[in-house]
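Colleague: Here it is: the structure, laid out below.
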Amino acid sequence: MVAPVYPAWVGRLAAGRQQQRRAPAVRPARPLVLANQVANRRLRLGEATCTTEISLLMACWKQNEFNDAACAKEIQTFYDCVAKTDVEHKERLKQESLGQMGNLSPKTVNKLLRRFPNITDDF
């Protein structure tokens, strides 16, 4: 099969289209500078804890007509879980306040930005 022969103007037209496909220059709407504060958003809430223990306790109460004496083991298991979760939460808060978690809270970031603001009056 023989390749078709096109006139020269078709080649120039195809070359012009290739040049138009270049990505446009990026022109930001705002200057690319950090703001002096960040949004004060709440951090994500953790998952619910001790759900299995509370469900076992509720099932025990239902079976024993809400008698605490019969469900003493389940009650103690639930209290142990709550105490363990409290200790873990306090440890996590302590690590976050020391900045060991890698993520800073918005309050801490705003304090740092107030202490070291951007000095860019040129924009």
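Colleague: In nanometres, what is the gap between the two model label sites at residue 108 and residue 69, each 7 Å from Cα along Cα-to-Cβ?
Modeller: According to this spin-label approximation, the distance is 5.1 nm.
Colleague: Sorting 75, 119 by accessible area (1.4 Å probe), largest first, what list results? It would help to have the intermediate numbers written out before the result.
Modeller: Details: 75 35, 119 150 Å².
The most accessible residue leads, giving 119, 75.
Colleague: Still on this structure, please answer the following. Could the peptides 4-11, 65-72 be put in order, highest first, of the mean number of other beta-carbon atoms found within 10 Å of their residues?
Modeller: Values: 4-11: 8.0, 65-72: 11.5.
Answer by packing, highest mean first, reads 65-72, 4-11.
Colleague: Determine the sum of side-chain charges near residue 81: Lys and Arg each +1, Asp and Glu each -1, restricted to other residues whose C-beta is under 14 angstrom from that of residue 81. Let's see the in-between values first.
Modeller: Details: positive: 73, 84; negative: 47, 53, 74, 80, 86, 88.
Surrounding charge for residue 81 is -4.
Colleague: Let me ask something additional. Any idea what Rg and Dmax come out to for the stretch 39-81 if you just take the C-alpha atoms, in Å?
Modeller: Spelled out, the Cα radius of gyration and Dmax of the stretch 39-81 are 15.1, 51 Å.
The values are calculated or read from the model by the stated rules, or taken from the named source; none is laboratory data. From a predicted model like this one, the values you see are computed outputs, not experimental measurements. Because the Cβ atoms are built from the backbone with ideal geometry, glycine has one as well, and the counts that use them run over all protein chains shown. The protein model used for the area step is the full one, side chains on, heavy atoms only, and it has no ligands, DNA or RNA in it. Shrake-Rupley method; radii C 1.70, N 1.55, O 1.52, S 1.80 Å.
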